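Peer 1: Below: one structure in structure tokens.
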Amino acid sequence: MLLMMNDQEDGSGFVDLEMPAAPSCPSGCQCNRKVVQCSDLGLPSVPNDIPADTRLLDLQGNFITEIREHDFKGLSDLYALVLVNNLVSKVNPRAFRPLVGLQKLYLSHNRLTTVPRNLPSSLVELRIHDNNIKKIQSRTFAGLHKMNCIELGGNPIRNSGLEAGAFDGLNLNFLRISEAKLTAIPKDLPDSLRELHLDHNQIHTVGQEDLTHYGELYRLGLGHNRLRRMEYGGLCYVQSLRELHLHHNLLSSVPTGLPEMKHLQVVYLHSNNISKVEVDAFCPSSFSVKKTFYNSISLYDNPVRYWEVQPATFRCVSDRLAVQLGNYKK
């Protein structure tokens with residue numbers, strides 16, 4: 001840029017001014033307002049020249065196979081990193097160290113066999129479902145005191161693959177280990193859990209002590225398992241429960257203990273083998289015991305003769321549309 005000088009100034013009459021360098025942006029990517037979009041570009045690795053002030057880096061839908069040590073060097077402001085739908089099978093143990101402000105890490109739909117080590121202590125949310133993780137080693141999440149959400153579904157995890165102390169130190173609100181190979185409710189999960197989703201596993205029983213430590217649970221998902229029974233007293237430890245999902249199992253009766261659950265509002269029992277519903281299966285004998293009415297009870301696709309169910313069975317339900325019955329086919 002050339003600018004005319006003032007008459008009072010000495011010189012030739014023109015002065016050269018350097019233009020500020022334009023922020024770098026990886027080739028083929030789009031960079032706008034601290035968001036770097038590099039999705040679906042066929043990239044074989046994390047690109048260079050990522051702006052240092054990047055807050056969101058989207059690398060989903062590429063062919064990245066490895067996360068190298070210096071891939072994220074200098075990205076201390078990064079808030080969210082998206083690596084979904086790649087071919088990642090290897091992560092350098094020092095790769096995430098520069099990401100001191102990272103809160104959301106999405107590694108789903110890759111080829112990982114273990115949860116990466118040395119995750120940033122700032123991390124709040126980790127989604128790593130649909131990989132090939134078979135084991136969660138002890139102290140995998142050590143030091144991640146801010147973490148409140150972990151999605152581990154779609155990994156071939158067995159109960160034996162959850163080592164003692166695997167979740168030590170976590171103050172989780174949300175945990176999903178659905179579509180895995182669990183045969184029982186895992187032990188030693190964080191007692192802070194508000195939501196626990198274990199759908200699409202092979203769990204066959206809820207034992208009397210299985211839910212002892214999870215008194216803060218708000219939602220429990222056990223649909224699409226092989227549950228044949230829930231032991232008496234198995235639900236007495238989860239008195240804060242609002243939603244109980246038990247659909248698509250092999251239960252032959254409504255679980256005991258529901259009338260004593262003061263806050264329970266949603267119960268999914270459809271697609272089981274329930275043939276009879278007692279008049280006190282859901283509601284307490286006195287309305288004063290229950291704090292909130294049910295707003296959804298599903299019993300359809302069960303061999304129960306719904307015309308034999310007494311109307312008083314649903315005396316603590318908000319309205320008649322909240323109950324679903326019928327549609328059973330042998």
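Peer 1: I'd like the residue in segment 86-100 that is aliphatic (A, V, I, L, M) and crowded, with 19+ Cβ neighbours inside 10 Å and, out of all such residues, is farthest from GLY161 (Cα to Cα). Don't jump to the end; show me each part of the working.
Peer 2: Step one: filter segment 86-100 for residues aliphatic (A, V, I, L, M), giving 87-88, 91, 95, 99-100.
Add one more test, that the residue is crowded, with 19+ Cβ neighbours inside 10 Å, and what stays is 88, 91, 95, 99.
Values: VAL88: 21, VAL91: 20, ALA95: 25, LEU99: 29 Å.
My answer is LEU99.
Peer 1: Kindly indicate whether LEU78 is within 20 Å of LYS90 (Cβ to Cβ), in contact (Cβ under 8 Å) with a residue 12 or more places away in the chain, part of a loop (DSSP other than H, G, I, E, B) and of a type in the set (A, V, I, L, M, F, W, C). I'd like the intermediate steps shown before the answer.
Peer 2: Working: within 20 Å of LYS90 (Cβ to Cβ): no; in contact (Cβ under 8 Å) with a residue 12 or more places away in the chain: yes; part of a loop (DSSP other than H, G, I, E, B): yes; of a type in the set (A, V, I, L, M, F, W, C): yes.
No; evaluated as a whole, the condition is false for this residue.
Peer 1: Scan segment 216-235 residue by residue and report those that are under 26 Å from ASN148 (Cα atoms), assigned to a loop (DSSP other than H, G, I, E, B) and open to solvent by 30 Å² or more (accessible area, probe 1.4 Å). First the steps, then the outcome.
Peer 2: Going residue by residue through segment 216-235, those that are under 26 Å from ASN148 (Cα atoms) are 216-225, 234-235.
If we keep only those that are assigned to a loop (DSSP other than H, G, I, E, B) as well, we get 216-218, 222-225, 234-235.
Those that are under 26 Å from ASN148 (Cα atoms), assigned to a loop (DSSP other than H, G, I, E, B) and open to solvent by 30 Å² or more (accessible area, probe 1.4 Å): GLU216, TYR218, HIS224.
Peer 1: Here is a check on your reading of the model: is ASP210 among the acidic types (Asp, Glu) and over 28 Å from LEU83 (Cα atoms)? Don't jump to the end; show me each part of the working.
Peer 2: Working: among the acidic types (Asp, Glu): yes; over 28 Å from LEU83 (Cα atoms): yes.
The answer is yes for ASP210.
Peer 1: Could I ask something else about it? Those residues that are in contact with a Gly (Cβ under 7 Å, 6 or more places away or on another chain) and more than 21 Å from GLU195 (Cα to Cα), I need them from segment 131-141; list them, please. Full working, then the answer.
Peer 2: Applying the first criterion (in contact with a Gly (Cβ under 7 Å, 6 or more places away or on another chain)) to segment 131-141 yields 134-136, 138-139, 141.
If the condition is that a residue be in contact with a Gly (Cβ under 7 Å, 6 or more places away or on another chain) and more than 21 Å from GLU195 (Cα to Cα), then LYS134, LYS135, SER138, ARG139 are the ones that fit.
Peer 1: Taking only pairs six or more apart or across chains, which ones have beta-carbon atoms under 8 Å, a first residue in segment 317-329 that is assigned to a helix (DSSP H, G or I), and a second residue that is open to solvent by 80 Å² or more (accessible area, probe 1.4 Å) and at pLDDT below 85?
Peer 2: Between residues of segment 317-329 that are assigned to a helix (DSSP H, G or I) and residues that are open to solvent by 80 Å² or more (accessible area, probe 1.4 Å) and at pLDDT below 85, there is no close pair.
Peer 1: Pairs, please: C-beta under 6 Å, at least 6 apart or cross-chain, first residue within 20 Å of GLY74 (Cα to Cα) and in segment 94-118, second in a strand (DSSP E or B) and basic (Lys, Arg)?
Peer 2: TYR106/ARG127
Peer 1: Considering SER160, SER178, SER192, which residue is of a type in the set (Ser, Thr, Tyr) and over 18 Å from ILE133 (Cα atoms)?
Peer 2: Values: SER160 fails: over 18 Å from ILE133 (Cα atoms); SER178 fails: over 18 Å from ILE133 (Cα atoms).
The unique qualifying residue is SER192.
Peer 1: Scan segment 107-119 for residues that are open to solvent by 50 Å² or more (accessible area, probe 1.4 Å) and either among the polar types (S, T, N, Q) or not in a loop (DSSP other than H, G, I, E, B) (or both) and report the count. Reasoning before the result, please.
Peer 2: From segment 107-119, those open to solvent by 50 Å² or more (accessible area, probe 1.4 Å) are 109, 111, 113-114, 117-118; that's our starting set.
Now narrow it down to the ones that are either among the polar types (S, T, N, Q) or not in a loop (DSSP other than H, G, I, E, B) (or both): 113-114, 118.
The total comes to 3.
Conditions tested, residue by residue: (1) exposed (fewer than 14 other Cβ atoms within 10 Å of the Cβ); (2) in a loop (DSSP other than H, G, I, E, B); (3) in contact with a strand residue (DSSP E or B) (Cβ under 8 Å, 6 or more places away or on another chain); (4) not β-branched (Val, Ile, Thr).
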residue	(1), (2), (3), (4)
THR256	no, yes, yes, no
HIS270	no, yes, yes, yes
ILE274	no, yes, no, no
GLU278	yes, yes, no, yes
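Peer 1: Quick check: is even one residue across segment 282-305 among the polar types (S, T, N, Q), part of a loop (DSSP other than H, G, I, E, B), out of contact with any Gly (no Cβ under 8 Å at 6 or more places or on another chain) and buried (at least 16 other Cβ atoms within 10 Å of the Cβ)? Spell out how you get there, then give the answer.
Peer 2: Keep residues of segment 282-305 that are among the polar types (S, T, N, Q), which gives 285-286, 288, 292, 295-296, 298, 302.
Cutting the leftovers down to part of a loop (DSSP other than H, G, I, E, B) gives us 285-286, 292, 295, 302.
Retained after the next criterion (residues that are out of contact with any Gly (no Cβ under 8 Å at 6 or more places or on another chain)): 285-286, 292, 295, 302.
Retained after the next criterion (residues that are buried (at least 16 other Cβ atoms within 10 Å of the Cβ)): 302.
Yes; the residues of segment 282-305 include at least one that is among the polar types (S, T, N, Q), part of a loop (DSSP other than H, G, I, E, B), out of contact with any Gly (no Cβ under 8 Å at 6 or more places or on another chain) and buried (at least 16 other Cβ atoms within 10 Å of the Cβ).
Peer 1: Being open to solvent by 20 Å² or more (accessible area, probe 1.4 Å) and out of contact with any Leu (no Cβ under 8 Å at 6 or more places or on another chain) is the requirement here; does GLN103 meet it? Can you show your working first?
Peer 2: Details: open to solvent by 20 Å² or more (accessible area, probe 1.4 Å): yes; out of contact with any Leu (no Cβ under 8 Å at 6 or more places or on another chain): no.
The answer is no for GLN103.
Peer 1: Related question: For residues that are modelled with pLDDT of 95 or more, within 27 Å of THR65 (Cβ to Cβ) and of a type outside the set (A, V, I, L, M, F, W, C), tally how many sit in segment 136-160.
Peer 2: Number satisfying all stated conditions: 6.
Peer 1: Pull up segment 134-157, narrow it to residues that are under 19 Å from SER108 (Cα atoms) and charged (D, E, K, R), then point me to the one that is nearest to the chain's Cα centre (by Cα).
Peer 2: GLU151
Peer 1: Looking only at residues that are buried (at least 17 other Cβ atoms within 10 Å of the Cβ) and part of a loop (DSSP other than H, G, I, E, B) in segment 258-268, which one is modelled with the lowest pLDDT? Lay out the reasoning, then the answer.
Peer 2: As a first pass, look at segment 258-268 and keep what is buried (at least 17 other Cβ atoms within 10 Å of the Cβ): 258-259, 261, 264-265, 267-268.
From what's left, part of a loop (DSSP other than H, G, I, E, B): 261, 264-265.
On the way: MET261: 92, LEU264: 95, GLN265: 96.
Applying the filter and picking the extreme gives MET261.
Peer 1: Taking segment 236-254, which residues are open to solvent by 60 Å² or more (accessible area, probe 1.4 Å) and under 21 Å from GLY215 (Cα atoms)?
Peer 2: Result: CYS236, TYR237, GLN239, ARG242.
Peer 1: I've got another one for you. When both residues are 6+ apart or on different chains and their Cβ atoms are under 8 Å apart, which pairs have a first residue that lies in segment 131-157 and is more than 18 Å from ASP191 (Cα to Cα) and of a type in the set (Asp, Glu), and a second that is modelled with pLDDT of 95 or more and open to solvent by 20 Å² or more (accessible area, probe 1.4 Å)?
Peer 2: Going by the 8 Å Cβ cut-off, there are no qualifying pairs.
The values are calculated or read from the model by the stated rules, or taken from the named source; none is laboratory data. Small disclaimer: the values here were computed from a predicted structure and weren't measured. Positions of Cβ are backbone-derived with ideal geometry, glycine not excepted, and every protein chain shown enters the neighbour counts. Remember, those area values only see protein heavy atoms, side chains included, never the ligands or the DNA or RNA. Shrake-Rupley method; radii C 1.70, N 1.55, O 1.52, S 1.80 Å.
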